[in-house]
């Protein structure tokens, strides 16, 4: 189990146990596949050596409840099954490419309809903490398991220099979901392809450790995560935050769905023991 060692500063975080078989659940309506993400602990935010226009000071976070997260970003075909039509500007990419040009408000409508089509299930967007925990998947690198991104790992614009590094690869569009390798949790495209909406409002981090944080501060903007095909490697870092207003849409804005674990499905003892010190 991931254990964050805290003293005057965050010293180290061990990886969660990822050698267990991946548990999945499939939505019978859309065929959307979900992967079970276990409860655990991680260091959220940007490291001290990472610079960004939006501060994101690192802090320990505990995720106490497991959750099912979409293995892939929601596709154009899945959106159309629920909503009747897909709004994508990049429709030529195909039905198995991520839906984009969807606002946070429209996504909330989609989630409400998806829940009504699956009585007894609750679907929502992941919080920022859940999203970043899933992105990192036990890794301590900027992109989860790796510290440097290259075009074989994700769909982003590698021509834009980031920290002096650049390449020549630019797909120029979204790509079919799952075109790149999964992370240690079995999730694809958390880095690149399309930005992903989250459940939270955009609020400054306090820098203090937290348990299942949900950001609410009266903000009109919503955090988006993961970068996209149109942005640089810097935008795709797991700890990097960007924002859009709730009604915004664009050709690099998409999402993935979280399905909450039912009480009967939960492990009554998800942790090996208490944290090193209490969380405030």
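The table below gives the values:
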item: Unique match (being buried (at least 20 other Cβ atoms within 10 Å of the Cβ), out of contact with any helix residue (DSSP H, G or I) (no Cβ under 6 Å at 6 or more places or on another chain) and either assigned to a loop (DSSP other than H, G, I, E, B) or at positive phi (or both)) among 179, 158; result: 158
item: The lone exception for residue 197 - which of (1) in contact with a helix residue (DSSP H, G or I) (Cβ under 9 Å, 6 or more places away or on another chain); (2) surrounded by fewer than 16 Cβ atoms within 10 Å (Cβ to Cβ) it fails; result: (2)
item: Residues of the stretch 75-97 satisfying the condition of being in a helix (DSSP H, G or I) and under 19 Å from residue 228 (Cβ atoms); result: 76, 78, 79, 91, 92, 93
item: Matching residues in the stretch 203-225 - criterion: being within 26 Å of residue 147 (Cβ to Cβ) and crowded, with 16+ Cβ neighbours inside 10 Å; result: 205, 209, 210, 213, 223, 224, 225
item: Any chance residue 120 is surrounded by fewer than 23 Cβ atoms within 10 Å (Cβ to Cβ) and farther than 20 Å from residue 198 by Cβ; result: yes
item: Whichever residue in the stretch 243-280 is farther than 30 Å from residue 77 by Cα and outside any loop (DSSP other than H, G, I, E, B) and, among such residues, is modelled with the highest pLDDT; result: 263
item: Residue that is surrounded by the most Cβ atoms within 10 Å (Cβ to Cβ), among those in the stretch 29-40 that are more than 18 Å from the chain's Cα centre (by Cα) and touching a residue at least 60 places away in the same chain (Cβ under 8 Å); result: 30
item: Number of positions in the stretch 226-240 that are in contact with a strand residue (DSSP E or B) (Cβ under 6 Å, 6 or more places away or on another chain), part of a loop (DSSP other than H, G, I, E, B) and buried (at least 23 other Cβ atoms within 10 Å of the Cβ); result: 3
item: Residue in the stretch 125-138 that is surrounded by fewer than 20 Cβ atoms within 10 Å (Cβ to Cβ) and modelled with pLDDT of 95 or more present; result: no
item: Residue within the stretch 98-115 that is over 22 Å from residue 178 (Cβ atoms), in contact with a helix residue (DSSP H, G or I) (Cβ under 6 Å, 6 or more places away or on another chain) and either at pLDDT 95 or above or in a helix (DSSP H, G or I) (or both) present; result: yes
item: Unique match (being part of a strand (DSSP E or B) and either at pLDDT below 95 or crowded, with 19+ Cβ neighbours inside 10 Å (or both)) among 43, 22, 51; result: 43
item: Answer from 133, 205 - the residue that is more than 19 Å from residue 252 (Cα to Cα), touching a strand residue (DSSP E or B) at 6+ places or on another chain (Cβ under 7 Å) and in a loop (DSSP other than H, G, I, E, B); result: 205
item: Of all residues making up the stretch 82-97, the number that are buried (at least 19 other Cβ atoms within 10 Å of the Cβ) and either within 16 Å of residue 112 (Cβ to Cβ) or out of contact with any helix residue (DSSP H, G or I) (no Cβ under 8 Å at 6 or more places or on another chain) (or both); result: 2
item: Every pair of residues 6+ apart whose Cβ atoms lie under 6 Å, when the first sits in the stretch 136-155 and is more than 19 Å from residue 72 (Cα to Cα) while the second is buried (at least 18 other Cβ atoms within 10 Å of the Cβ); result: 142/237; 149/143; 149/233
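The values are calculated or read from the model by the stated rules, or taken from the named source; none is laboratory data. Note that the coordinates shown come from a computational prediction; the quantities given were computed from them, not determined experimentally. Positions of Cβ are backbone-derived with ideal geometry, glycine not excepted, and every protein chain shown enters the neighbour counts.
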